[in-house]
Amino acid sequence: MPTKEAAITPAGQQTERIPDPCIVVIFGASGDLTKRKLLPALYHLEQAGLLPKDFAVVGVARRPLEKTFPPDMKEGIISGGGVETSDPKLDPFVSRIQYHAMNFDDAAGYDSLKKTLANIDKKFGTKGNRLFYLATAPEYFSDIIKYLGEHGMAKPAETADGGKTWVRTIIEKPFGHDLESAKALNNEVNKVFDEDQIFRIDHYLGKETVQNILVFRFANGIFENSWNRNFIDHVEITAAESIGIEGRGPFYETAGALRDVIQNHVMELLSFVAMEPPVSFEASAVRAEKVKVWKAIQPIHPADTVRGQYGPSTVDGKQIVGYRQEDRVHPRSQTETYAALRLEIENWRWAGVPFYIRAGKRLAKRVTEITIQFKQPPLLLFKDAEGKGGEGIRPNVLSMRIQPDEGISLRFGAKIPGPSMNIGTVKMDFSYAEAFGKSSSNGYERLLLDAMLGDGTLFAHRDGVEATWSLITPILEAWAKDPIKELPNYAAGTWGPATADAMLKSDGRKWSKL
Ligand code: BG6
């Protein structure tokens, strides 16, 4: 079936509310994220008629880019957002993009930024409402927050008509690099902003397929009865990337797969799969259920962890360097580019069901998928069909394909036509692109819009960030004390280290073939 271009899904389709007039102020605007994701996402909202008429964007960074910033963003919208150069809304939108050069730790810069924003309010009618987006390197988060507070830019102000402006901040990941630093950052942010002004972003929650986990589970009755330890054998969550570290050596050296992807993206996926139905879709109700899942996870023993690092290889005829040969990476680096964990959620729904999770760079392909494997029926009536032409009886598997081939499939056994009872495996398959058309959304549209609307449902809360760091920090500490000799331990372009297969093998299982 041909795919059709779908419009950006309006956030909260229930309401289709348009945010108040406002300025989006992006700190760290000279970085890749602004050009590749944020501006294209804002423009997609504009195209969908979901931005306020009175709107402006201000990019803030150190270098003097006043002249080049707007055209550069225009280029990003076209190439990163798949927008036609001739799109009639494009130039008027670009004319509302400005740039402000300053050092993030220079108090005087905030005074002049404040004036610039006030002038934009006058020019574009943005009414004093601000969304500060912190897209800088994480070491600047505290300074920026502190200076915004000290310069009276963090609190809502009274308006002439007796109302109030709003001020919110989106904080990019990584939010801390362990439990202690995440708590310290939370304390600093909470000194300046109230919790309902803070939007800790995880772009996975902007993905339609991730939100759809909740719809799949809670808008459909049929799976709920079997969504528990009585019927589910185990759950796998894979976040595999075929790309390497893309020139981000200094960042990745301080991160690694556990911090970069598992503490946030994978833990979010896990909470959506495992949470109890919330009482409503209010932010606080959803967050409360997610935190319960993370808190019910038993401390993860080092023996239930695997780390890996890619070595050089030839993939599709192309020579790929190993991690240790990447630019600005230590030649004996211990940083993991692959991590796998086995964990259990000790609650009534999940006790005894292993969750196997893995994430890595330079793996065999790019795929993020959740696999739920069901238990086999108690009595295998068709044992004799085993190996007789068909594949025999295999457990039912529900696969939720988060990306890139978005969809859901259910695997089950079927009789192969013919005189004997041979069993084959078939799939019922739902494809997003076929059902709804291919979306040009990159996930940030929904999250930016929600933040402008003040809806924190799809953002991390203080308790949640600390709960996931509580799980991950002991593993990081154990690994730091126990460097491993046999790195690199997987070749670029493969499915990771053999020890990850051995971990499942010792449970009598195998990673699903993706
Ligand atoms: C980011 C990580 O948060 O997520 C990157 O820092 C990673 O290292 C990226 O590549 C993956 O996002 P996506 O949307 O491509 O799966």
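Side notes on the structure shown:
- Only Lys, Arg, Asp and Glu carry charge here, each on its Cβ (+1 for the first two, -1 for the last two); on that basis segment 93-146 has a dipole of about 480 debye about its Cα centre.
- Measuring r between the beta carbons of residue 68 and residue 180 and using R0 = 35 Å, the FRET efficiency lands at 0.30.
- Beta-bridge orientation, the chain: approximately 55 percent antiparallel, per DSSP, counting only bridges with both partners inside.
- Note on the chain: dipole from Cβ charges, positive end direction compared against 322, 473, 98; the farthest Cα belongs to 322.
- Heavy-atom accessible area ranking, 1.4 Å probe, most first, across 44, 151, 301: 301, 151, 44
- Rolling a 1.4 Å probe over the protein chains gives residue 441 an accessible area of about 40 Å².
- Length added when fully stretched, residue 276-residue 380, from 0.36 nm per residue minus Cα-Cα: 34.3 nm
- Candidates 152, 132, 357 compared by Cα position along the dipole of the chain: farthest toward the positive end lies 357, with charges placed on Cβ.
- Note: the chain, Cα convex hull, 174 Å³ per residue.
- Ellipticity estimate at 222 nm from DSSP helix runs (n ≥ 4, -39,500 (n - 2.57)) divided over the chain, nearest 500: -9000 deg cm²/dmol
- Sequence of 37, 123 from largest to smallest accessible area, 1.4 Å probe: 123, 37
- Over the chain, accessible surface divided per residue gives 45 Å², non-protein components excluded, 1.4 Å probe.
- Accessible surface ranking for 295, 290, 1.4 angstrom probe, highest first: 295, 290.
- The stretch between residue 347 and residue 415, if pulled fully straight at 0.36 nm per residue, gains 20.7 nm over its current Cα-Cα span.
- Nearest-0.05 FRET efficiency for residue 438 and residue 328, computed from C-beta distance (R0 35 Å): 0.45
- The charge dipole of the chain, taken about its Cα centre with unit charges on the Cβ atoms of Lys, Arg (+1), Asp and Glu (-1) only, comes to about 780 debye.
- In the assembled protein chains, residue 105 presents an accessible area of approximately 90 Å² (probe radius 1.4 Å).
- Normalised by the number of residues in the chain, the mean separation of alpha-carbon contacts (under 8 Å, six or more apart) gives a relative contact order of 19 percent.
- When you restrict to C-alpha pairs under 8 Å that are six or more residues apart and normalise by the size of segment 374-483, the relative contact order lands at 17 percent.
- Taking the C-alpha atoms only, the angle from helix 283-296 to the longest principal axis of the chain is near 40 degrees.
- Relative contact order of segment 287-420, defined on C-alpha pairs under 8 angstrom at six or more residues apart (%): 17
- Sparsely packed loop sites in segment 389-476 (the chymotrypsin sites (Phe, Trp or Tyr not before Pro) outside DSSP H, G, I, E and B with at most 12 other Cβ atoms within 10 Å) do not occur.
- As a calculated quantity, the FRET efficiency between residue 486 and residue 298 at R0 = 25 Å, using C-beta atoms, amounts to about 0.35.
- Cut-off 11 Å, label 7 Å out along Cα→Cβ of residue 32, residues of segment 299-321 by amide N: none
- Using a probe of 1.4 Å, the accessible surface attributed to residue 400 totals some 10 Å² when neighbouring protein chains are kept in position.
- Accessible surface of the chain, 1.4 Å probe: 53 percent of it comes from carbon and sulfur atoms.
- Rounded to the nearest 20 debye, the dipole magnitude of segment 281-369 is 200 debye, with +1 charges on Lys and Arg beta carbons, -1 on Asp and Glu beta carbons, and the Cα centre as origin.
- Residue-span extension gain [residue 228 to residue 366] - 0.36 nm each, minus C-alpha spacing: 46.8 nm
- Computed label-point distance, nm, for sites residue 477 and residue 513 using a 7 Å Cα→Cβ extension: 4.2
- For segment 37-181, lysine pairs with C-alpha atoms less than 15 angstrom apart, excluding pairs fewer than eight positions apart on the same chain, total 18.
The values are calculated or read from the model by the stated rules, or taken from the named source; none is laboratory data. Given the structure is predicted, the values throughout are model-derived calculations rather than measurements. In this analysis, Cβ positions are derived from the backbone assuming ideal geometry, glycine residues included, and neighbour counts consider all displayed protein chains. To get the accessible areas, we keep the full protein, side chains included, count just its heavy atoms, and leave off ligands, DNA and RNA. Shrake-Rupley method; radii C 1.70, N 1.55, O 1.52, S 1.80 Å.
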